[in-house]
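What follows is a single structure, written as structure tokens, with notes after it.
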Amino acid sequence: MKKKITNFEISTLNYFITRAFLIGITFNALINSMKQDSWIIPILSVIPSIIFILLVNYIIEYEPSLSLPDKIIKLFKRKIGTFIIIITVIFAFFMCTLNYLNLNNFIQSQFLTKTPILAISIAFMLASFYILNKGINTLSRTSVILFYINIILLVISFLGLIQSLKISNIKPFLVSDINQYISGLNIYYSFNIAPMLLITMIPKDDINNPKIKKSLIISSILSAITLFMMVFETLAVFGYELASLYEYAEFHVLKHVSLFGLNSRIESILVMQLLFDIFIFNVLIIYYIANNIKTAFKVKKTNLLYLTTCILIIISTLFLSKYNIYLDNLMIKFIPIIATIFTIIITSLICIKIKISKR
């Protein structure tokens, strides 16, 4: 008998996917837009996060035995439903490739400078493919184990950086104008709230004693708190000017961690908390892509879809790695707007159609 997923497992999955874009993407985009006020955005994001959770929960409550692509087909019929699934898959594939490219760039630039990006990409993708073959239950149990490790590393990082914090580095406070706040919230929504839509891939009936709304709210607030801590600490240690010079300031700040007199290369261990976020997100979004294609085109061999998706992401990563400079600009200026508009339209469209179908 298939073991049902627990509410805690749903919470840990959501915790990871709402943190996945922080290193190298959300942080860089925020300080570019908000400068020293960037730390405020995770706090302000709680309200839009809860609103989005209500929409996600509304979708999950509809036909609890079905996953998102099955619901789309039922709501919009086969032709229109397949079209909607295709455009969501294209968007999800693009976001997955960007995040996976970011992971590979980080590993290569900070740890394995002489290792080809292809080797790094294949290594991570093999681990992803193994978990995908084992199923969503294995992924959810893996997320629980990694969650406990993540929290331990987070606490160590926080305690180890306290002595290096300088509040003067984030002064003056609240100097951003309304347009900057809107831009900051848009960045946070597109990279750290919208990924919650992936949770709709798990049918409510596959969850033991489901309390999904509560699980998503608690885990999203916890995620926002941890992101606030990381952004605040980075700016309070480096200051905006110095932090903006680093490609991965969130990693380099960990070099200042000093605990019990130990600070030699400890950042190499502490940064694992950020890599877990990206890893879980990429596995879940590949699961999303493959199962959407499976539903839309009635493909029976799921493992083949996982393999094909993994290979295509590796190829896309290698291709896009040639245009890193342009992508950095794109992620800061255009992708947040595109992602926000796209996810709001798709989510609202599905919710409206569910409302109409219940009449």
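The values are calculated or read from the model by the stated rules, or taken from the named source; none is laboratory data. Values in this document were obtained by computation on a predicted structure and should not be read as measured data. Because the Cβ atoms are built from the backbone with ideal geometry, glycine has one as well, and the counts that use them run over all protein chains shown. These area figures cover heavy atoms from the full protein model, side chains too; ligands, DNA and RNA do not enter into them. Shrake-Rupley method; radii C 1.70, N 1.55, O 1.52, S 1.80 Å.
Scan the stretch 51-72 and report the pairs whose first residue is aromatic (Phe, Trp, Tyr) and whose second residue is assigned to a loop (DSSP other than H, G, I, E, B), with Cβ atoms within less than 6 Å and a gap of 6+ or a chain change. Pairs that qualify, where the first residue is aromatic (Phe, Trp, Tyr) and the partner is assigned to a loop (DSSP other than H, G, I, E, B), are Phe52/Ile193. Looking only at residues of the stretch 209-240 that are open to solvent by 60 Å² or more (accessible area, probe 1.4 Å) and either among the β-branched types (Val, Ile, Thr) or in contact with a strand residue (DSSP E or B) (Cβ under 7 Å, 6 or more places away or on another chain) (or both), we find that the one that is nearest to Ile5 (Cα to Cα) is Ile218.
Out of curiosity, is Leu198 buried (at least 17 other Cβ atoms within 10 Å of the Cβ) and assigned to a helix (DSSP H, G or I)? Against the criterion (buried (at least 17 other Cβ atoms within 10 Å of the Cβ) and assigned to a helix (DSSP H, G or I)), Leu198 qualifies. Given the residues Leu126, Leu139, Leu146, which is the only one that is within 23 Å of Ala290 (Cβ to Cβ), open to solvent by 50 Å² or more (accessible area, probe 1.4 Å) and not acidic (Asp, Glu)? Within the list Leu126, Leu139, Leu146, the selection yields Leu126. On the stretch given as the stretch 241-258, residues that are surrounded by 18 or more Cβ atoms within 10 Å (Cβ to Cβ) and within 12 Å of Ile162 (Cα to Cα) total 4.
In the stretch 107-116, is there at least one residue being open to solvent by less than 60 Å² (accessible area, probe 1.4 Å), under 16 Å from Val253 (Cα atoms) and within 20 Å of the chain's Cα centre (by Cα)? No, because not a single residue in the stretch 107-116 is open to solvent by less than 60 Å² (accessible area, probe 1.4 Å), under 16 Å from Val253 (Cα atoms) and within 20 Å of the chain's Cα centre (by Cα).
Under the condition of being open to solvent by 60 Å² or more (accessible area, probe 1.4 Å) and of a type in the set (Phe, Trp, Tyr), the residues counted in the stretch 42-72 number 1.
Matching residues to (1) surrounded by 17 or more Cβ atoms within 10 Å (Cβ to Cβ); (2) without any contact (Cβ under 8 Å) to a residue 24 or more places away in the chain; (3) farther than 19 Å from Leu101 by Cβ; (4) in contact with a Phe, Trp or Tyr (Cβ under 7 Å, 6 or more places away or on another chain):
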{"site": "Lys300", "(1), (2), (3), (4)": "no, yes, yes, no"}
{"site": "Leu304", "(1), (2), (3), (4)": "no, yes, yes, no"}
{"site": "Leu318", "(1), (2), (3), (4)": "no, no, no, no"}
{"site": "Ser321", "(1), (2), (3), (4)": "no, no, no, no"}
{"site": "Ile325", "(1), (2), (3), (4)": "no, yes, no, no"}
{"site": "Asp328", "(1), (2), (3), (4)": "yes, no, no, no"}
{"site": "Phe334", "(1), (2), (3), (4)": "no, yes, no, no"}
{"site": "Thr347", "(1), (2), (3), (4)": "yes, no, yes, no"}
{"site": "Ile350", "(1), (2), (3), (4)": "yes, no, yes, no"}
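If only residues of the stretch 19-41 that are among the small types (Gly, Ala, Ser) and closer than 22 Å to Asp177 by Cα are counted, the one that is most open to solvent (accessible area, probe 1.4 Å) is Ser33. Within the stretch 76-90, identify whether any single residue is among the aliphatic types (A, V, I, L, M), more than 29 Å from Asp177 (Cα to Cα), open to solvent by 10 Å² or more (accessible area, probe 1.4 Å) and touching an Asp or Glu at 6+ places or on another chain (Cβ under 9 Å), and answer yes or no. No.
Tell me, which helices (runs of 4 or more DSSP H) lie completely within the stretch 241-357 with 1 or more residues that are modelled with pLDDT under 95, in contact with a helix residue (DSSP H, G or I) (Cβ under 6 Å, 6 or more places away or on another chain) and farther than 21 Å from Ser109 by Cα?
Passing ranges, in order: 272-297, 302-320, 335-357.
Every test in (1) under 24 Å from the mean Cα position of the chain (by Cα); (2) open to solvent by 40 Å² or more (accessible area, probe 1.4 Å); (3) closer than 27 Å to Phe129 by Cβ is passed by Ile286 save one, and that test is (2).
Of all the listed residues (Ile187, Ile162), the sole one being at pLDDT below 90 and part of a helix (DSSP H, G or I) is Ile162.
Only one of the numbered conditions (1) under 19 Å from Ile286 (Cβ atoms); (2) surrounded by fewer than 21 Cβ atoms within 10 Å (Cβ to Cβ); (3) not acidic (Asp, Glu) is violated by Phe16, and that is (2).
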